[in-house]
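The values are calculated or read from the model by the stated rules, or taken from the named source; none is laboratory data. Source: prediction; values computed, not measured. Neighbour counts run over all protein chains shown; Cβ positions are idealised from the backbone, glycine included. Note: areas computed on protein heavy atoms with side chains; ligands, DNA, RNA excluded. Shrake-Rupley method; radii C 1.70, N 1.55, O 1.52, S 1.80 Å.
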Amino acid sequence: MKKINKIGIALAAASFAAVSFSGCDWLFEESSSSDDDDIATTTATEEKTWDFTSSASATQEDTWNYSSSSSKVFKVDSSTLSVNINGDIGGKTLYLVQVNPSENKFPGNYLRYVKSSGALSSSLSDEVVESESSRSVVSETGFDESVLGRKHFVGEKLPEFNAVSSRSALSEPSLSVTQITRSVGTTKNIYVDTDTSMSTYEQKSATLRAVGTYCNVWVVDDYYASSASGNKVDSTVAQKYADAFDKMYKVITNVFGDESNKILDYDSSTLKDISALSDTGEYVNIVIYDIAADYKNKDNVSSVGVVGYFYAKDYYYTTQGNSLAMQLSGNSVITKSNVGKYFYIDSGYANTNLNDTVSTLAHEFQHMINFNMKDIKRDLSPDSSYNEMLSMLCEDMMQDFLGLEDSESPKNRTQGFNIYYYLSGIREYRTESSYSALSYATSYIFGSWLCRQYGGAKLVKEIMDNSYVDSASLVAAVNSVNGTSYTFDDLFRQFLLALLNDSTYTHNKDASQTLTYSSGGTTYSYPMTAFNIFGSDYSPSALDGFSRSDYPSYAWSSYKNGGYLGPFLYKNSVRAELRPEYGIMLHGIGTYSSGTTSDTITFSDTGAADLVMYLIIK
């Protein structure tokens, strides 16, 4: 891995639907005052930010009766200027977490901060901020993508099933399709992407090189050789993918549900049996070729753009071709549909990283199933963060079954999260190609924590089976499996404790195993094992050539000098643009002297009204 000289990176934005915060009365305490101030917003665009023509102005005083067993977290209301803390806080550390639950990114100068502490002032000479102008700014610099894990491809948005079905039905054409002969050597033309933009498709000749119980493995002819080398695969490689997919198929569907055997006839706005429209019928097709045509040599294969993908365009059928009407509707990509169940695997990776691509098969299979369970069956449209999180959870729970090391599983995104978490909201999916891997890290760390706390594979099965998507689906599943009545706010605050090494709310525990697959001599209970995000392997100092002296000046002193590991902690005096959809920034404030029983924390008085702040003591 490359050395990281700076932790800060460039900020950009993508927006998604916001999730509302609500109270929790059993473990957390929050301010009871209300916020009546308004903030005007700019016209909605892909990259949104607040137009701060007005903001919250804090004037009130509040009290937090701290308890290590029942009140570890205190929510600071936007109208609260100071908080009086009472309780046994001696020897414990105070943290501030800034959270942006809105759809819009927040400029750093609209983030409120700690201006003074009655009990910590003597030890915070470099931390307490007298004015906004004295705060340091995280610079917009580049970042090391090698710690973020592999990239995936998310195609352009397709017409939703409910939107399509509301159109006036066209006259239905007479349909007749001949099924292919499922024998090695059969050929057909398949649409594949042809450049790094992955937006241009051409039909290429492909040959069936392996046949499985549930799948066909095709190799585009340009990327086949009698002996595998570079970005050309042979029949032996193709057979490995057929065997791997057959092995995992039933184990995955036992949790996630089934992929659809229906396909959307776009012209008549009706769902039809896939065998009536697809020449490969109900079989899953795995197509191997050089995705994005970006292979250079065997030494750089791990840096190519995409390992594999599923694209729902193949679940659409149309005879409209590239008609003007189709192009104007923005749906011309469905004219490049292969009409059937299709995955795509990069041939360079297929030769050199079998385990990585097999894990990718599991990841992409979840996407195919999700399209059926949510879009087709329930007429819902899950956001990308939710969908990608579930695919990584599929890889997580299948890790032991597939015989993968932690470095070959989504756990390899943990170091990237610990360094760069503030650059993507926990529920955000950044669409920029160079930043999207950030969102995989934040989505996975939240989802993997949720599973280890609240039910493992059984929880995931409930998420897939319920009639919701996105945050509502997660909350409904947790409450259904555990008999609880949490809000998203409750779960999110528990998650913040996990990010500060809480012993109760932690990744470092095995998920419960109450769901088992057993058939044909195969038994598997979907272990989602403990992993410690505070382990030395996930720290920036684990990077080659990196030491604590390389930490930037805006690192909290205990992180930089005291051996603190885990998610990066910033000085109180640091500000940065805060991402939307539960973007967070963690600040270390200071540690109380032994015997301390009270403190008064005073904040800056103005800032974004929708900014949420939490004080945490542990």
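Miscellaneous remarks
- Unique match (being within 11 Å of TYR266 (Cβ to Cβ) and modelled with pLDDT under 95) among THR335, THR352, THR360: THR335
- Restricting the stretch 568-594 to residues that are modelled with pLDDT of 95 or more and more than 25 Å from SER57 (Cβ to Cβ), the residue that is surrounded by the fewest Cβ atoms within 10 Å (Cβ to Cβ) is LEU586.
- Any hit, the stretch 374-383, residues being open to solvent by less than 10 Å² (accessible area, probe 1.4 Å) and of a type in the set (S, T, N, Q): no
- All told, LEU499 falls short of being over 23 Å from the mean Cα position of the chain (by Cα) and modelled with pLDDT of 95 or more.
- Wholly within the stretch 142-230, strands (runs of 3 or more DSSP E) carrying at least 1 residues that are touching an Asp or Glu at 6+ places or on another chain (Cβ under 6 Å) and modelled with pLDDT of 65 or more: 201-211
- Every condition in (1) assigned to a helix (DSSP H, G or I); (2) within 29 Å of GLN98 (Cα to Cα); (3) of a type in the set (Gly, Ala, Ser) holds for GLY425 except the one numbered (1).
- So GLY416, is it free of Cβ contacts under 8 Å to residues at least 60 places away in the same chain, of a type outside the set (Phe, Trp, Tyr), in contact with a helix residue (DSSP H, G or I) (Cβ under 6 Å, 6 or more places away or on another chain) and buried (at least 24 other Cβ atoms within 10 Å of the Cβ): no
- Residues being closer than 22 Å to SER434 by Cα, of a type in the set (D, E, K, R), open to solvent by 20 Å² or more (accessible area, probe 1.4 Å) and at pLDDT 80 or above - total across the stretch 275-328: 1
- Taking first residues from the stretch 67-82 that are within 18 Å of PHE492 (Cα to Cα) and partners that are among the β-branched types (Val, Ile, Thr), the Cβ contacts under 6 Å between residues at least 6 apart in sequence or on separate chains come to VAL73/ILE616.
- When residues of the stretch 564-611 are limited to those that are assigned to a loop (DSSP other than H, G, I, E, B) and acidic (Asp, Glu), the one farthest from the chain's Cα centre (by Cα): ASP605
- With respect to the conditions (1) open to solvent by less than 40 Å² (accessible area, probe 1.4 Å); (2) within 24 Å of TYR435 (Cβ to Cβ); (3) modelled with pLDDT under 95, HIS367 falls short on a single one, namely (3).
- Criterion violated by SER433 - all others in (1) at pLDDT below 95; (2) open to solvent by less than 10 Å² (accessible area, probe 1.4 Å); (3) in a loop (DSSP other than H, G, I, E, B) satisfied: (2)
- Flag: LEU402 does not match the condition of being in contact with a Lys or Arg (Cβ under 8 Å, 6 or more places away or on another chain), of a type outside the set (Asp, Glu), under 24 Å from SER235 (Cα atoms) and open to solvent by 10 Å² or more (accessible area, probe 1.4 Å).
- Test: residue in the stretch 508-521 that is among the polar types (S, T, N, Q), within 20 Å of the chain's Cα centre (by Cα) and crowded, with 20+ Cβ neighbours inside 10 Å: no
- The set of residues in the stretch 485-511 being β-branched (Val, Ile, Thr) and touching a residue at least 24 places away in the same chain (Cβ under 8 Å) consists of THR487, THR506.
- Residue count for the stretch 452-474, restricted to those that are surrounded by fewer than 23 Cβ atoms within 10 Å (Cβ to Cβ) and of a type in the set (A, V, I, L, M, F, W, C): 3
- The set of residues in the stretch 492-507 that are on the phi < 0 side of the Ramachandran plot and open to solvent by 40 Å² or more (accessible area, probe 1.4 Å) comprises SER503, THR504.
- Selection status of ASP126, open to solvent by 30 Å² or more (accessible area, probe 1.4 Å), assigned to a loop (DSSP other than H, G, I, E, B) and either touching a helix residue (DSSP H, G or I) at 6+ places or on another chain (Cβ under 8 Å) or at pLDDT below 90 (or both): yes
- Flag if SER541 is over 24 Å from ILE616 (Cα atoms) and assigned to a helix (DSSP H, G or I): yes
- For the stretch 235-245, the criterion of being surrounded by fewer than 21 Cβ atoms within 10 Å (Cβ to Cβ) and under 22 Å from SER332 (Cβ atoms) is met by none of the residues.
- Yes/no for GLU364 being out of contact with any Lys or Arg (no Cβ under 8 Å at 6 or more places or on another chain) and under 30 Å from TYR551 (Cα atoms): no
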